[in-house]
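Notes follow once the structure below has been shown.
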Amino acid sequence: MMKQLNIGLFGLGTVGQGVIEQLGENQALIKTRAGLKIQISKAVTQNPDKKRRVDLSGIAVSGDPAFILDDPSIDLVLELIGGTKEAKEIVLSALEKGKSVVTANKALLAEEAGEIFQKAYQSKGLFGFEASVAGGIPILRDLREGFSGERITAISGIINGTANYILTQMSKENKDFATALKEAQEAGYAEADPTFDIEGVDTAHKLLILMKLAFNGLFNFADLYIEGITNIEPIDIEVAQEFGFVIKLLGTARAQAGAYEGRVHPCLVEAESMLGNVNGAFNAVEVFGNFVGHTLAYGSGAGSHPTSSAVVGDIISIARQLKVAGQAVIPPLSADLNQLRPLPILPMEQVICPFYLRFTVADRVGVLAEITRILGAEGISIGSMLQKERSSSQGPVPVIIFTHKAKEEAIRRSLKKIDHLEFIAESTKVIRLHEG
């Protein structure tokens, strides 16, 4: 019977050091719960001689991946380097050699899912990736185990702390986007290059992983609709608040009659809802099941400690299985490999939801009549309308229309006509409404 789990760690960055810290501080507790000693014995990093904030005594450090991958005494490989190319090679090599693997790499699992999961199912080693989505919330374990008897109908989530922090600053502190982004960077919530966070790519990576677990399928990352928060302006925040909404960047997936939505974009969310009250760098994921109904999981989504907590949880889970069975008791995704199949994502044009439309128009007679005529010709019904004061005596006027449910392609056709009218001063702003 296995008495010690030997770990080889790739990456001594923020998360890697957090894992070392947690395994050290909670060592006795972890040994009690896992039923064996868990030890990081080797680490590989690009800068082996760099001084770290954690004690590395007892850990042999190298810059050569073979130092870990070719060592038969290493039972489990931790991949915490990020990126896709090198990480993919490490994960596939470890699984090929029968080693268990734990990763926090959402980009790898979204963009290289076919090869990675195929190998994970075939390997004698076990595979954990809880830390890849909403680190402090065990949402993947919930989907795989807690909701294993549920038919999941929808998932919506705030799963990027950077974007949520920026939108919270814009809403609560009346900051513009550029100022809120700068403050996020100064607070350590945003990278020097925040593109993946603010353009929705990070959220999309995580959403695709959630979809695989929720719907027992393999989806193509390129088929997701992705829109970030860079075009959200203070006036949109202000109008949303007037109508009882807040703006959040959501990843949303729905299953309906054999079709699957998968989309990332800003949404108007009811301010009094649980999701609407998730602020700062926190994350939350809504799950809708046919028996359980509506649930929401909430917690820290990023950072050294929340992510390391998810990584260590996977390590303990794998240690328990290796100690007792030596093989996977629960499959990496929610079903056996022969039950998984490629599933299409519904084109964004086919999505139906209510819309917020902000027109910037010349203040003259007949403008609203022409806009509403074009919308009506596409079968788009208006729920409410608001005209804001112009910013200058001669300037254009913001006109906001909230529609009832409409098909995305009808909205796009309408706006293609409207935005070419001579009284339109700038392209119409479109924000979709979240339906909980």
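Of the listed requirements (1) more than 28 Å from residue 343 (Cα to Cα); (2) open to solvent by 10 Å² or more (accessible area, probe 1.4 Å); (3) modelled with pLDDT under 95, residue 169 misses just one: (3). Selection of region 301-325 for residues being open to solvent by less than 10 Å² (accessible area, probe 1.4 Å) and hydroxyl-bearing (Ser, Thr, Tyr) yields only 308. Where residues in region 371-398 are charged (D, E, K, R) and touching a helix residue (DSSP H, G or I) at 6+ places or on another chain (Cβ under 8 Å), which of them is modelled with the highest pLDDT? So the residue we want is 378. If you scan region 281-300, which residues turn out to be open to solvent by 10 Å² or more (accessible area, probe 1.4 Å) and either of a type in the set (S, T, N, Q) or assigned to a loop (DSSP other than H, G, I, E, B) (or both)? Selection gives 281, 290, 291, 292, 295, 300. Of all residues in region 270-280, exactly one satisfies the criterion of being of a type in the set (A, V, I, L, M, F, W, C), farther than 11 Å from residue 156 by Cα and touching a residue at least 60 places away in the same chain (Cβ under 8 Å), namely 278. Within region 25-52, the residues that satisfy the criterion of being surrounded by 14 or more Cβ atoms within 10 Å (Cβ to Cβ), part of a helix (DSSP H, G or I) and either free of Cβ contacts under 8 Å to residues at least 40 places away in the same chain or β-branched (Val, Ile, Thr) (or both) are 30, 31.
Residues are listed down the side, and each one gets a yes or a no for (1) in contact with a strand residue (DSSP E or B) (Cβ under 9 Å, 6 or more places away or on another chain); (2) under 23 Å from residue 116 (Cα atoms):
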site: 6; (1), (2): yes, yes
site: 28; (1), (2): no, no
site: 34; (1), (2): yes, no
site: 41; (1), (2): yes, no
site: 50; (1), (2): no, no
site: 71; (1), (2): yes, yes
site: 75; (1), (2): yes, yes
site: 79; (1), (2): yes, yes
site: 89; (1), (2): no, yes
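Yes/no per residue for (1) within 20 Å of residue 349 (Cα to Cα); (2) assigned to a helix (DSSP H, G or I):
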| position | (1), (2) |
| --- | --- |
| 183 | no, yes |
| 190 | no, no |
| 196 | no, yes |
| 232 | no, no |
| 235 | no, yes |
| 249 | yes, no |
| 255 | yes, no |
| 265 | yes, no |
| 276 | no, yes |
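Within region 68-106, being touching a residue at least 40 places away in the same chain (Cβ under 8 Å) and surrounded by fewer than 20 Cβ atoms within 10 Å (Cβ to Cβ) holds for 69, 71, 73, 82.
From the list 175, 182, 119, pick out the single residue that is farther than 24 Å from residue 313 by Cβ and either touching a helix residue (DSSP H, G or I) at 6+ places or on another chain (Cβ under 9 Å) or among the hydrophobic types (A, V, I, L, M, F, W, C) (or both). Answer to the check: 175. Selection over region 180-215 of residues that are surrounded by fewer than 24 Cβ atoms within 10 Å (Cβ to Cβ) and touching a Pro at 6+ places or on another chain (Cβ under 9 Å) gives a count of 1.
Please verify whether residue 221 is at pLDDT 95 or above and closer than 15 Å to residue 344 by Cβ, treating the condition exactly as stated.
In short, yes.
Taking region 216-229 as the range and being open to solvent by 50 Å² or more (accessible area, probe 1.4 Å) and not acidic (Asp, Glu) as the test, the residues that pass are 216, 218, 220, 222, 225, 226. Residue 126 - would you say it is touching a Pro at 6+ places or on another chain (Cβ under 9 Å), surrounded by 24 or more Cβ atoms within 10 Å (Cβ to Cβ), farther than 27 Å from residue 250 by Cα and in contact (Cβ under 8 Å) with a residue 40 or more places away in the chain? The answer is yes for residue 126.
Scanning region 363-387 for residues that are under 20 Å from residue 433 (Cα atoms) and either of a type outside the set (Gly, Ala, Ser) or open to solvent by 60 Å² or more (accessible area, probe 1.4 Å) (or both) yields 372, 375, 378, 379, 380, 382, 385, 386, 387. Residue-level analysis places residue 145 among those that are modelled with pLDDT under 95, surrounded by fewer than 17 Cβ atoms within 10 Å (Cβ to Cβ) and over 15 Å from the mean Cα position of the chain (by Cα).
Entry remark, region 211-223: residues being in a loop (DSSP other than H, G, I, E, B) and in contact with a His (Cβ under 9 Å, 6 or more places away or on another chain) number 0 in total.
The values are calculated or read from the model by the stated rules, or taken from the named source; none is laboratory data. Predicted model only: the values in this text are computed from it and were never measured. Cβ coordinates were reconstructed from backbone atoms using ideal geometry, including for glycine residues, and neighbour counts include every protein chain displayed. Ligands, DNA and RNA are stripped out before the accessible areas are found, and what is left, the full protein with its side chains, is counted by its heavy atoms. Shrake-Rupley method; radii C 1.70, N 1.55, O 1.52, S 1.80 Å.
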